[in-house]
Every structure is written in C-alpha cells, then in structure tokens.
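Have a look at the structure below before the remarks.
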Amino acid sequence: MDMSKYRGIFLSEAKEHIREMSRIVLAVEGGAIDGESINALFRQAHSVKGMAASMGYARMEALAHHLENALEGFRLRGGVPLQEVDRLLEGIDLLEQLLHDIEAERPERDIAPYLATTSDPLPCACSVALVPSISHEAITAEIEGSELRFRRDDTLRTVRVQTQVLDRFVDLTGELITSRYMLQSAAEAKDWEALQRHLEHQGRLIGDLHHQVRQVRLMPLESLTGRLPRLVRDLARRTGKKVRLQIEGEELELDRGVLEAIADPLVHLVRNAVDHGIVEHGTVSVRAWRERDQAILEVADDGRGIDVDRVVRKALEKNLITSALASSLPRREILQLICAPGLSTAGTITETSGRGVGMDVVKSALEGIGGRLEIASKEGKGTSFRLHLPLSAAIIHLLLVDCGEHRLGIPFNRVQRLLEIRPDQVRLRQGKASSFVLGEEDVPLVSLRKILRIGAGQSGAATLSVVLTEMRGRRVGLVVDRTAGGRQAFVKGLSYPLDQLQGVTGSTILGDGRIIFIIDPQSLTGTRFGRGAHPQDRESCPSAA
Amino acid sequence: MKRIAGMAHRVLIVDDALFMRSILKDIFIGGGFEIAGEMQDGVDGVRAYRELRPDLVIMDLVMPNKSGIEALEEICAEDPAARVVMCSALGQEELVLKAVQVGARDFIVKPFQQERVLEVARRVMEG
C-alpha cells in the first residue's frame, strides 16, 4: 500500500496529538495527574503509535508504545508520581523531535538512551537496541538544551480547510468567469452603463473572494501560545523563579503570515520577561485582543521594570545617542532604544536570553509585516510589550504618494494623519523648513525627496503635503509632492537585490500596470539614533515659503 | 440485513484519527464498498449507526468520549444483528477478546493491510 499520500495527514495529526500530550501534562502540573488525564494521554500516545506503525516509522512507534505502557502503569497506580512528570515530558519532547526528523526526511534519531533510562522497562513492540551506558544527566542535558532552541512551527505551513469553503471558492470562480463574459459583451456593445454595473459586481465578487481567502489563512493564536506553558515552566525551573503564566485571548485568529512573523519574537519576549523581568516570583501575562483594524498582542510581566537611566547610559556609551538628545527624549522613546542593535541592558548574558533573537530582531520582524512595537515600563512594577499587528499580511490598505516621477505606497497603518501645512506653520532653520507645530508638539519635517535622493522639486506650491508618521520611533512629518489616494493592494515581496533597499518592504501592481514600491517610513532611514542622524539635522526640507 | 443486488455494502468508520479514517476509507472504496459515514468518537458512532444503519461498522477500540467497547455494547444492544469489526493495535489482545464477547464480529490490527482488512470485511458480510 502506498502510504506516501497519507504523510501530510500523519504529520499534522501526530503533531496535534503530541502537542495535546504536552498540554495535558503541563495543565495538571503542580497537582497530580489524575485518572482522566492519564486516559487522555494514553489515547494520544496510542493514536501516535498506530499512525507511526502504519507509516513505518519504527522508532516513533516504539517510543509511543513505551509511553503508552508507562501510562498504563500509572493508570494502575492511580496517578503519576511527581518525579515521573519530567520523564514523561522528556518522552513527549522526544516524540516531537522524531516528528521533526520525519518531517525533514531525516532518519529518526536514536531513542534507546531514553528507553534505557526508564526504570520500568516494559516489553516493546519493536526491537530497539538499548544503550544503558549513557548517563541520565547527559541525556537530560541534551534534551533540555535542544528544547530551548525554539523551533519554527511548521504547522503554520499547512492548513485544514473545510470543504464548504472550497465549494465557496469554486462558486466564486464560476461567478467571476460569468462576470468576465458580461464585461466583455458590455465592452463590445460599448454599453458603458452595463460596463459600470458589471465592474461594480465584479468588485463585490473580488471582495468576497478576498474575504474567503483571508478566512482560510486565519489560525488561532493558540498555535503559537500553545507552547508557552512549557517554555515558561522550563525557564522558571532553570532560573529558580516562581512564575505564573496567564494567557488570554488565544482564540483570536490571525493571518498565517502574521503568526509566522511573530513566532520567534513572542518566544523571545516571554523568555525576556522570565529572565530579566521577574525577580523571584511573579506573573507573565500574554494577552491578545482586536482593536479596530489591528490585533494587539501584549507580553507583560510584573517584575523589576526597565531601568531607564541604565538604558540611556548604555546608549551614550555605545554612541547611539548624543547627550543633548538623551535629555530631550521622552520616556517612551528611550524605551525604544532597547531595540537598537547591540544594546542589551541585561546585567549578565544568561544562558537563556543571551541567544536567539534580540529586541532589534523583534522590532524589525514586526515592522516587516507592517506592525509596530510599543513598550511601557515602570520600575518596580513591570514591563509590557505591545505588538500592534495587521490583520492580514498579504493585502493591505495603501496610501499612494508622489515624489518626483515616482509613485510610492505607504501602508495606512503607518499614517497617523495627512496634513497640508501653510508656510506660516513651518519653522525655519538656516532658511529651510525644519519642523512645524502640531498642537503643542514641534514635529520635525523630513523630505521624502531628500531620502530618495531626488533633486528638489519646484517650490511653487502654496502648502506642503505632509504625511504624519513615525520614523525610527519618532513622530515626523514626511513631506511628499502630493498624495494620490488610497487603495487595497496585494503586496508582493521583493527578491534579491531589490530586497536590499532600505525601507522598501514590497511592491504592488497598480490598475494601469505600473509597479510601485511600498515604503515603510519606520525603516526608511538608517539608525535614527546614530550621531547626527537626527531628522532635524539631516533631512531638512526646502522652504515652502 | 440483506444486500440488494448490485448495491455496494455501506461501511461506517468510527476512529478518532483522521489518518486512520483516510486509510480505511481508501481501502474500502478500493474494495468496492460504499462509505456510509465517518465518525470521530463512540458517542457519534452510536448516533450515526442509528441514523445510517450501515451494513458494516469499523470501530476503533481507543477513542475519546466513549470507547469503542462501550459504543459496541450500545450498538449491539439496539441491533443484535449489527456487524461491527474492531480495530486494535498490538498489545490490546485483552480488549479485543472483550469486544468479541460483547458482540464484535471480528477485528483488524493496525497497521492496516489492505488485503487483510477487505478479507475480514467480506467474511463478516457473508457470515
């Protein structure tokens, strides 16, 4: 029987079972694992065993069988002794690693050391050579080391789709084909009214299709947060801290692309919270909710908070800011400094937080999908990181702007306001417009022409078109030639060498066939906090006066 | 339950794993059977049996909510003529024995082998 066609189902279903096993064990940790949980664990192990046997994965089958036997033993004893919980988790981890091997089409790794360390060797369906010479400590060390290296979750690459949804796709495609012919005949007959009507109809169909596609791409946040209890448990053990993890809103559904992008950042933030935030005991909370057209994911702790003075000292030491700037920066901007590459405020680099992605990577990962990071912290009270996430990674709402002969797109979630500024609102510096007053704030003006190195335009316009946005965490007015409306756009990623362009995050095709670049003001310029890189110093605009 | 000439036997598959259901489904369709339905646990299995009245039930032993044995007991209590074949894995001999005592006609062992599954199914249908 050709089993290769069942491989996909095997991988996704086995993964679910293994994850569920982890979840069950972690959910009852602290209390005893009772009969009902043992039964549930047994069923999961049993399913994995049956599937692995069918696919011919002997080691996974052997390990699942081994766990099944162990669970059977626990069932008879009426519970899992506390000291056995770790062993059980190690076994579940090993199952997961075997699944990764299978997924990567590598030979399954050796499970004999694990089987050998089990005190209660029970008969196993498959013959596996036992190597009792390896010490328990050596294996534990290996397993613990590997489990902290966060593995990108491959479940995000496959989705299960209900057949009704596929049916709806087929229906919509059919309707689009019909609509195409209606358009064609209206065009041939030069019946402009009918053409307009059919175009509107087609617009609705495409909108519907877009909605359906988005639905398919949605996955609950739980696919990421599901592994956090384990992570926090292990970190807490390693650091000797007592940490409570609170997760809220994990049923919130997000686009797969968004989830993929925040998988590593989320783990890093939680790890940081335990490692650097929590002092001896405390709570790490991960909450998610929807806010207008974005989703917010917050990772917060009630620990020591960020020492702002220390951040400033470090930033000065590393020449990331000037002392003049240091004294004028508002608190939330100082906190953003921890995302500058190379700035770690941790007193010591610990085993856990010293590796993996840093805050700079967290921030750029977020910005890559059009999200942003908000940091709040109070010394002695705790720190919170809010990830503002777009609901869809592929289709976004763009503001079109013109600059010289170029038309560019700026994601609307980057635009705070659109302003027309009169000459009398502009403050001059050395004869050039450098800032303008908005309410009580003095907002620096930054010329998009300058950034793109396009020569100065004709200064005949009576007002300046300004896009109020943020660059490197600071509010600025981006001066463009003119704004040219908004539109929904399907963003295509750029490949080498175009992906090297600073601040350019993708491209899209306009209705007239023109390809335009999508720019992200946040990352449009180099390190904002670099010496002399302050917008006021560098990007002054030609005077509108 | 007599088969009407020319009509395929209808099989109800009850297993919590989509993986197993997919394999069984392919085996049975390949063997000329018709799939009456697929259920994921014992509770739904019993309900589907009542509604669909399939010619044959393939029932997993280990399932959430209601085990295969419990579902088998209920089905056999309602319809002593029910043809139920249990799926088992290695190491479940005791359960299989119990299932046969309760009323299972036969059993198939995982990993499934196409010929063996069809052979058991045909034998049960003829018996």
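The values are calculated or read from the model by the stated rules, or taken from the named source; none is laboratory data. Everything quoted here is computed from the prediction, not taken from an experiment. Note that we place each Cβ from the backbone using ideal geometry, even for glycine, and neighbour counts take in every protein chain shown.
Data overview
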read-out	value
Out of A:Gly506, A:Gly486, sole residue that is part of a strand (DSSP E or B), in contact with a Phe, Trp or Tyr (Cβ under 9 Å, 6 or more places away or on another chain) and without any contact (Cβ under 8 Å) to a residue 60 or more places away in the chain	A:Gly506
Inter-residue pairs, beta-carbon under 9 Å, first crowded, with 23+ Cβ neighbours inside 10 Å and modelled with pLDDT under 90 and in region A:28-54, second polar (S, T, N, Q) and part of a loop (DSSP other than H, G, I, E, B), 6+ apart	A:His46/B:Gln92
Answer residue from region A:197-235, given it is closer than 18 Å to A:Gly257 by Cβ and polar (S, T, N, Q) and is surrounded by the fewest Cβ atoms within 10 Å (Cβ to Cβ) among those	A:Gln215
Test result for B:Asp44, within 13 Å of another protein chain (Cβ to nearest Cβ), closer than 22 Å to A:Phe42 by Cα, touching a residue at least 24 places away in the same chain (Cβ under 8 Å) and not in a strand (DSSP E or B)	no
Which listed residue is β-branched (Val, Ile, Thr) and either outside any helix (DSSP H, G or I) or farther than 26 Å from A:Gln488 by Cα (or both), from A:Val258, A:Val286	A:Val286
Enumeration of residues in region B:73-111 that are out of contact with any Leu (no Cβ under 7 Å at 6 or more places or on another chain) and in a loop (DSSP other than H, G, I, E, B)	B:Asp79, B:Pro80, B:Ala81, B:Ala82, B:Ala89, B:Leu90, B:Gly91, B:Arg105, B:Lys110, B:Pro111
Extreme residue, nearest to the other protein chains (Cβ to nearest Cβ), among residues of region B:111-127 that are crowded, with 17+ Cβ neighbours inside 10 Å and closer than 23 Å to A:Ala52 by Cβ	B:Pro111
Close pairs (8 angstrom Cβ cut-off, 6 or more residues apart or separate chains): touching a residue at least 24 places away in the same chain (Cβ under 8 Å) in region A:311-333, of a type in the set (Lys, Arg) and in a loop (DSSP other than H, G, I, E, B) anywhere	A:Asn319/A:Arg531; A:Thr322/A:Arg531
Yes/no for B:Ile108 being touching a residue at least 40 places away in the same chain (Cβ under 8 Å) and within 14 Å of chain A (Cβ to nearest Cβ)	yes
The one condition in (1) surrounded by 12 or more Cβ atoms within 10 Å (Cβ to Cβ); (2) not in a strand (DSSP E or B) that A:Ala300 fails to fulfil	(2)
Residue in region A:237-251 that is buried (at least 19 other Cβ atoms within 10 Å of the Cβ), in contact with a Leu (Cβ under 8 Å, 6 or more places away or on another chain) and within 30 Å of A:Glu175 (Cα to Cα) present	no
Residue ID - farthest from the chain's Cα centre (by Cα), chosen from residues in region A:495-517 that are exposed (fewer than 12 other Cβ atoms within 10 Å of the Cβ) and hydroxyl-bearing (Ser, Thr, Tyr)	A:Tyr496
Output for region B:6-31, where each listed residue is over 26 Å from A:Gln44 (Cβ atoms), assigned to a loop (DSSP other than H, G, I, E, B) and within 14 Å of chain A (Cβ to nearest Cβ)	B:Gly31
From B:Ile58, B:Ile35, residue being more than 14 Å from every other protein chain (Cβ to nearest Cβ) and assigned to a strand (DSSP E or B)	B:Ile35
Any hit, region B:78-89, residues being away from chain A (no Cβ under 14 Å), hydrophobic (A, V, I, L, M, F, W, C) and under 24 Å from A:Ala53 (Cα atoms)	yes
Test result for A:Glu68, touching a His at 6+ places or on another chain (Cβ under 8 Å), at the interface with another protein chain (Cβ under 9 Å from one of its Cβ atoms) and either without any contact (Cβ under 8 Å) to a residue 40 or more places away in the chain or surrounded by fewer than 16 Cβ atoms within 10 Å (Cβ to Cβ) (or both)	yes
Complete set of residues in region A:4-19 that are more than 8 Å from chain B (Cβ to nearest Cβ), within 16 Å of B:Asp26 (Cβ to Cβ) and not hydroxyl-bearing (Ser, Thr, Tyr)	A:Lys5, A:Arg7, A:Gly8
